[in-house]
Amino acid sequence: MNISNSNCSETERRLKRLADFLFEAGMLRKTPRTGYQFLGTGRENVAEHSFRTAVIGYVLAKEAGADIARTTLLCLFHDFAEARTGDFNYVNRIYNQADVQTALEHATCGTGLSDALTGMWEELEAEASLESKLAHDADQLDLILNLKEELDLGNKYAGKWLENSLKRLTTKEGAALAQAIVETDHTNWWFSGPDKNWWIRGK
């Protein structure tokens, strides 16, 4: 009887910590990506960035024949610590350095997720696996997509940022996708197809 109560208590504590963890995940929707302050246009939060980065990671992994699930998860959780640290843009990083490992340890303590999430962070830091390289490229490609959109909308400085972002890519799959992105108008997916005459007919 005592053992059963003890196990129940441990389970309840873990579930409460998992609830904490999920509330913390929601903070990413309230955490802005700060680089756009310098670009002058555009904005997004960390949750929005993480979502499309995960989608891009899925696409890249399929292109590369890599572990799709692993790549996607690396992308999904790559900025989770920013719920606690905030987002440091490239200017901030000259002067500040976040303790990501400690932030993750505190976020996952008691949840049963520590080994998995810390392991993903360590894999990303090492950049040794194909999946981690693809995840890093996915991170940059999300920024590249945003920069191309801002460039299309008339922000000439986005072009300068775009040049630097393209140089950070390390996989052939990432570079090939980036080339397609810079050659594609960001409105093509809806304005130019599937029926270009729709905008004339209106029905």
Members of region 37-46 that are in a helix (DSSP H, G or I) and either crowded, with 17+ Cβ neighbours inside 10 Å or among the small types (Gly, Ala, Ser) (or both): Leu39, Val46
Residue within region 39-58 that is closer than 25 Å to Leu130 by Cα, touching a Ser or Thr at 6+ places or on another chain (Cβ under 8 Å) and not aliphatic (A, V, I, L, M) present: yes
Hits in region 96-107 (condition: exposed (fewer than 12 other Cβ atoms within 10 Å of the Cβ) and out of contact with any Phe, Trp or Tyr (no Cβ under 7 Å at 6 or more places or on another chain)): Gln97
Residue identified as more than 20 Å from the chain's Cα centre (by Cα), surrounded by 12 or more Cβ atoms within 10 Å (Cβ to Cβ) and of a type outside the set (Asp, Glu) among Gly174, Gly110: Gly110
Meets criteria (part of a helix (DSSP H, G or I), modelled with pLDDT of 95 or more, under 17 Å from the mean Cα position of the chain (by Cα) and of a type in the set (Phe, Trp, Tyr)) for Trp161: no
Residue in region 73-91 that is over 23 Å from Lys148 (Cα atoms), modelled with pLDDT of 95 or more, under 12 Å from the mean Cα position of the chain (by Cα) and acidic (Asp, Glu) present: yes
Members of region 97-121 that are among the polar types (S, T, N, Q), modelled with pLDDT of 95 or more and part of a loop (DSSP other than H, G, I, E, B): Thr111
Matching entry among Leu134, Leu117 (being surrounded by 14 or more Cβ atoms within 10 Å (Cβ to Cβ), in contact (Cβ under 8 Å) with a residue 40 or more places away in the chain and in contact with an Asp or Glu (Cβ under 9 Å, 6 or more places away or on another chain)): Leu134
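The values are calculated or read from the model by the stated rules, or taken from the named source; none is laboratory data. Note that the structure is a prediction, hence the values are computed from the model and not measured. Glycine gets a Cβ as well: all are built from the backbone with ideal geometry, and neighbour counts include every protein chain shown.
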